[in-house]
1. Who wins for biggest fluctuation among TYR121, TYR102, TYR31 in a Gaussian network model of the chain, springs between alpha carbons below 10 Å?
2. So which residue, out of ALA142, ALA84, ALA104, gets the largest mean-square fluctuation from a GNM of the chain using Cα contacts under 10 Å as springs?
3. Add +1 for every Lys or Arg and -1 for every Asp or Glu among the other residues with Cβ under 15 Å from the Cβ of PRO80, and state the total.
4. Under the definition of Cα pairs under 8 Å and six or more residues apart, what whole-number percent is the relative contact order of the chain?
5. For GLU145, what is the net charge nearby, where nearby means another residue's Cβ is under 13 Å from its Cβ and Lys, Arg count +1, Asp, Glu -1?
6. Where does the charge balance sit around ARG54 when Lys and Arg score +1, Asp and Glu -1, over other residues with C-beta under 11 Å from its C-beta?
7. Rounded to the nearest 500, what is the chain's calculated 222 nm mean residue ellipticity when only DSSP H runs of at least 4 contribute -39500 (n - 2.57) each, over all residues?
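Read-outs: derived from the displayed coordinates by stated rules, not from any lab. None of these values were measured; they are calculated from a predicted model. Neighbour counts are summed over all protein chains in view; Cβ atoms, including those assigned to glycine, are modelled from backbone coordinates with ideal geometry.
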Amino acid sequence: MHPTLRDTLNEVAGVLALDAKRFRLLRPHEYEPILEAITEQFLNVGTKGLNYYRWWENFKGSTASFHAADAYKLLPKLLPHNQALWFIVEDSSKKAAPFWVYEADAEAINQVLAESHQFEYYIVSKKQDWLLCETHHEVLVAVGEPMIRALSNAKTERSG
């Protein structure tokens, strides 16, 4: 049997010696209300999005996007430091609610992404005032004014 994406990420976190304070998989009873709130906040389909792949096709409100190979390398410029975030991983092998939710800090997320194969993920502030995702097309998509502004600044720095 092939390891699941969850297994792979947990293994990577173990190799990186990330403790549960920095990278922790939430249990279903913990992550279900979080996912419901996030889908209501950011998706035009609301909680129906719990069973959707590619949330980025259903964002509501203003967005900004930026195509970049190794897009995760921009995360240190985009994400707040020393702050717990929601790291939501889309797993197409998972039947119902195709997501795993981690509570993690920005540095831990970046380290895990650097050591993993590409997959779609979403990073959300705990205040739910912004969301950032990377699609399977290596496109970063920002929702919410603070992250739209941060992504626009990163684009300007990269092209300048």
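1. TYR31
2. ALA84
3. 0
4. Once normalised by length, the contact order is 26 percent.
5. Numbers: positive: LYS127, ARG149; negative: ASP129.
Local net charge: +1.
6. Neighbour charge sum, excluding ARG54 itself: -3.
7. Calculated mean residue ellipticity at 222 nm is -10000 deg cm²/dmol.
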